[in-house]
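A.B. asks: The structure that follows is given in the form of structure tokens.
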Amino acid sequence: MSNYVIGVDYGSDSVRAVLLDTSTGVELASSVHYYQRWKNNEYCNPSINQFRQHPLDHIEGLENTVKAVVEKSNVKAKEIKGICVDTTGSSPVPVSKDGIPLAMVEGFEHNPNAMMVLWKDHTAIPEANEINKLANNWGGEDFTKYEGGIYSSEWFWAKILHVIREDEAVKNAAYTWMEHCDIMTYLLIDNKDLKSFKRSRCAAGHKAMWHESWNGLPPKEFLGQLDPYLSELRDHLYTETFTSDTIAGTLNEEWAKKLGLNTETIIAVGTFDAHAGAVGAKIDKNTLVRVMGTSTCDIMISQNEVIGTKTVRGICGQVDGSVIPGFIGLEAGQSAFGDVLAWFKDILNWPIENLVMTSELLSEATKKQLQEEIDAKFIKTLSEQAEQIPLSESIPTALDWINGRRTPDANQELKSAISNLSLGTKAPHMFKALVNAICFGSKMIVDRFESEGVKIESVIGIGGVARKSPFIMQTLANVLNMPVKVAESDQAPALGAAIYASVAAGIYPNVIEASKKIGSDFEAEYLPQADRIKVYEDRMKSYKVLGEFIETTIKEKKHEYQV
């Protein structure tokens, strides 16, 4: 009898499931579900960087995608041995004492503060600053030291602190909080005891200041100085955490019926999408895996004997077992990558949406066809024309901080900027400047790892941007001055989740062996172009000068004038 597993990958806009043959790694079926409430911009306010998602978007997506891959594959339920869920993060969800997401409790159905606080929600900047100040000055252990030394507004405690200060009703009703990957796993399993539920090591270590050296989460004495609620909340959280090769439970009867599966199906401990993606891309020592989508996550692994007790400054954490058990997982990333280009597309689309698509001279059918053609050719045409710009021609310098800076040295208060504009600057010049910016931001991360003694010998790109944009990938290879491989799989995070599920279900003995056997192959490799390396080195200097100006001069003057 063959064995099969399912990986479920929650992204910012959609959830996808893949069903995998564990003997060959062949993907038998896949399915994608787009979040409808999110698509309608419900519960979000971009003007204040508020991005919330209703748990029903995720629950509906789970049922639709998993049920679809089971039906499409024609695989018997008893042959599907395991499921693992990966999600974005840090994306915490307030939960009632009964283990129900608060947005599904009467009275909270449309309250944004009761929703999942998406990873890119930056409403908690003041709270993150407060956590950093306390960590540096309270006289005890610095609980941020294994998270790069700077706590981010994108992370667990800052978001909770912001929400409970803003909303007394949510504060009183939220018995506990769970990361997105944890609540979806909890939903599926038979064990409904919140206290014994196995929380994700990946989520806890990288985003919640959990570390074995201080016996888990920061102590109540520290959290209570931020807010007494956090001290009380600690009692409703966890001490132990678990890697994703571990069994969280078995599929409960309710969800077995919904999905067409049985209650013997193993559910693995949840994880984050980027870490699962690195596993799906066959991560190895001295390899940087770049998960390239709306933002980026940059994942590495290191042996304990290599990194030891050394802490890497300004990254998003180093956690034992967060990627591969037995190795230290290292995470960095950019708060915006594809989002930078999506913003530019929205700017250029304004006259099309507001003038062309509202014109009475065109039929509705023509408008629809025109919009489809524009969407299909937009980035492709910009890329082609940007690539044709001579190296000697002046182009603007841009910063990639359009959604703040994640690493190195998290600072979500930073804004993007563009310099060196002229009357000769056209849309392709701007596009090329923005592509350069996201690649220069990538180079800053690589430089930080290497300056901290973490050796990088190869780079792997995964995700939509990596597979769809040769122009961006070639620019990245030139800026990094090292080869960049692209993983073949469209669904590397879901593939990685399926690999964890195969180990939890006992099909493979460990994650390394499973990854080598059924992980993604590579479809392309971009090599640095010798005639362009020096050009990009010079342009990188301009990027650093502009960045320093924005971060120091503008910051010092922000109280004197409106930026």
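A.B. asks: Would you be able to say whether some residue in region 34-48 is surrounded by fewer than 20 Cβ atoms within 10 Å (Cβ to Cβ) and part of a strand (DSSP E or B)?
C.D. replies: The answer is yes, given that some residue of region 34-48 is surrounded by fewer than 20 Cβ atoms within 10 Å (Cβ to Cβ) and part of a strand (DSSP E or B).
A.B. asks: Is it true that Gly314 is closer than 30 Å to Lys432 by Cβ and part of a loop (DSSP other than H, G, I, E, B)?
C.D. replies: yes
Residue-by-condition table, conditions (1) of a type outside the set (Ser, Thr, Tyr); (2) closer than 20 Å to Val93 by Cα; (3) free of Cβ contacts under 8 Å to residues at least 40 places away in the same chain:
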{"site": "Asn215", "(1), (2), (3)": "yes, no, yes"}
{"site": "Arg234", "(1), (2), (3)": "yes, yes, yes"}
{"site": "Ala268", "(1), (2), (3)": "yes, yes, no"}
{"site": "Ala278", "(1), (2), (3)": "yes, no, no"}
{"site": "Ala281", "(1), (2), (3)": "yes, no, no"}
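A.B. asks: On to the next question. So, Gly99, is that one in contact (Cβ under 8 Å) with a residue 24 or more places away in the chain, surrounded by fewer than 20 Cβ atoms within 10 Å (Cβ to Cβ) and in a loop (DSSP other than H, G, I, E, B) or not?
C.D. replies: Judged against the criteria, Gly99 is a match.
A.B. asks: Now, a different point. Among the candidates Thr185, Thr176, single out the residue that is under 22 Å from Gly329 (Cβ atoms) and modelled with pLDDT of 95 or more.
C.D. replies: Every option except Thr185 fails the conditions.
A.B. asks: Assess whether Leu391 counts as being in the same structural domain as Pro428 (by TED's automatic domain parsing) and assigned to a loop (DSSP other than H, G, I, E, B).
C.D. replies: yes
A.B. asks: So, one more: With respect to Glu42, is the statement that it is within 25 Å of Ile125 (Cβ to Cβ), among the acidic types (Asp, Glu) and assigned by TED's automatic domain parsing to the domain that holds Tyr508 true?
C.D. replies: So Glu42 passes the test.
A.B. asks: If Asn191 meets every condition in (1) at pLDDT below 95; (2) part of a helix (DSSP H, G or I) apart from one, which number is that one?
C.D. replies: Failing condition for Asn191: (2).
A.B. asks: So if I check each of Tyr543, Tyr536, which one is touching a strand residue (DSSP E or B) at 6+ places or on another chain (Cβ under 7 Å), more than 18 Å from Phe272 (Cα to Cα) and not assigned by TED's automatic domain parsing to the domain that holds Ala17?
C.D. replies: Going through Tyr543, Tyr536 in turn, the sole match is Tyr543.
A.B. asks: From the list Asp167, Asp142, Asp190, which residue is within 24 Å of Arg448 (Cβ to Cβ), touching a helix residue (DSSP H, G or I) at 6+ places or on another chain (Cβ under 8 Å) and either surrounded by fewer than 22 Cβ atoms within 10 Å (Cβ to Cβ) or outside the structural domain of Ser91 (by TED's automatic domain parsing) (or both)?
C.D. replies: When all the criteria are applied, what remains is Asp142.
A.B. asks: For region 303-332, enumerate the residues that are small (Gly, Ala, Ser) and surrounded by fewer than 24 Cβ atoms within 10 Å (Cβ to Cβ).
C.D. replies: Gly308, Gly314, Gly321, Gly326
A.B. asks: Looking only at region 329-355, count every residue that is within 16 Å of Phe431 (Cα to Cα), aliphatic (A, V, I, L, M) and not in a helix (DSSP H, G or I) and tell me the total.
C.D. replies: Total meeting the criteria: 1.
A.B. asks: I'd like to verify a number: residues in region 457-467 that are surrounded by fewer than 17 Cβ atoms within 10 Å (Cβ to Cβ) and either on the phi > 0 side of the Ramachandran plot or not in a loop (DSSP other than H, G, I, E, B) (or both), how many?
C.D. replies: 2
A.B. asks: Failed condition for Lys485, given (1) at pLDDT 95 or above; (2) farther than 24 Å from Ala268 by Cα; (3) charged (D, E, K, R); (4) in a helix (DSSP H, G or I), with all others met?
C.D. replies: Result: Lys485 fails condition (4) only.
A.B. asks: Still on this structure, please answer the following. From the list Ser515, Ser520, which residue is within 22 Å of the chain's Cα centre (by Cα), part of a loop (DSSP other than H, G, I, E, B) and touching a residue at least 40 places away in the same chain (Cβ under 8 Å)?
C.D. replies: Residue meeting the stated conditions: Ser520.
A.B. asks: Based on what the data block shows, is Ile438 under 24 Å from Lys468 (Cβ atoms) and out of contact with any strand residue (DSSP E or B) (no Cβ under 9 Å at 6 or more places or on another chain)?
C.D. replies: For Ile438, the condition - under 24 Å from Lys468 (Cβ atoms) and out of contact with any strand residue (DSSP E or B) (no Cβ under 9 Å at 6 or more places or on another chain) - is not met.
The values are calculated or read from the model by the stated rules, or taken from the named source; none is laboratory data. Everything numeric here is computed off the predicted structure, so don't read it as measured data. Note that each Cβ is placed from the backbone with ideal geometry, even for glycine, and that neighbours are counted across all protein chains shown.
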